[in-house]
Amino acid sequence: MRIMKNYLAIFTGSPQSSSGTKWEAMNAAARAKAEAAGMKGWQEWAEKNHASLVQMGAPLGKTKRVGPEGVSDITNAMCAYAVVQASSHDAAAKLFLNHPHFAIFPGDGVEIMECLAIPGMLEKKS
């Protein structure tokens, strides 16, 4: 039996990227058509990978950073997230090949990292 692990997928993108600039330059009709195709593609991806999805995730809003200096507004490239389950890091990454986030929408990519156990903490068995 293969042990399945959870992986956090961070969808990245920036309006300043070349694909973001092209997206922003689209006229309203072309953009609406592309958005519809992108949402359809995202839904099809979710249905195809339903068994691997632990949490569908969501788009991400503005970012605040908290540190020793207090709270500040920052920007980063993160624009959405999801949590998937797979037998390996490579298997998790392959779930996102040709994902609509960058195949249709102007996203830059998807970064996938294993959700590691906290040392000394009890883990829930699924």
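Here are the numbers:
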| quantity | calculated |
| --- | --- |
| Point-to-point label distance, Ile74-Asn49, nm (Cα→Cβ direction, 7 Å offset) | 2.6 |
| Using θ = phi - 60° and Karplus 6.51 cos²θ - 1.76 cosθ + 1.60, couplings along segment 15-32 (whole Hz; Gly, Pro as x) | x, 7, 5, 4, 6, x, 5, 5, 4, 5, 7, 5, 6, 4, 5, 5, 5, 4 |
| Ordering of 102-110, 14-22 by burial proxy (mean other Cβ atoms within 10 Å per residue, highest first) | 102-110, 14-22 |
| Relative packing of peptides 89-97, 51-59 - highest average C-beta neighbours within 10 Å first | 89-97, 51-59 |
| Which of Ile118, Ile74, Ile10 is most accessible, then next, and so on - probe 1.4 Å | Ile118, Ile74, Ile10 |
| Unit Cα scatterers, Debye sum, segment 54-126: log10 I(q)/I(0) for q = 0.28 Å⁻¹ | -1.30 |
| Rg and Dmax [Cα atoms of segment 20-72; Å; Rg one decimal, Dmax integer] | 17.1, 47 |
| With every protein chain in place, the chain: carbon and sulfur % of accessible area (1.4 Å) | 59 |
| Rg(Cα) / (2.2 N^0.38 Å) computed for the chain, rounded to two decimals | 1.23 |
| Per-residue SASA entry for Val66, accessible area with 1.4 Å probe, Å² rounded to 10 | 110 |
| Linear extension gain, Ala103 paired with Ser19, 0.36 nm per residue minus alpha-carbon span | 29.2 nm |
| Theoretical ellipticity at 222 nm over the chain - DSSP helices of four or more residues, -39500 (n - 2.57) apiece, nearest 500 | -9000 deg cm²/dmol |
| Estimated distance in nm for a label pair at Asn6 and Thr63, the labels positioned 7 Å out from Cα along Cα-to-Cβ | 2.2 |
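The values are calculated or read from the model by the stated rules, or taken from the named source; none is laboratory data. A quick note: this is a predicted structure, and the numbers were derived from the prediction, not measured. Cβ coordinates were reconstructed from backbone atoms using ideal geometry, including for glycine residues, and neighbour counts include every protein chain displayed. Note: accessible area is taken over every heavy atom of the protein model, side chains too, but ligands, DNA and RNA are not part of it. Shrake-Rupley method; radii C 1.70, N 1.55, O 1.52, S 1.80 Å.
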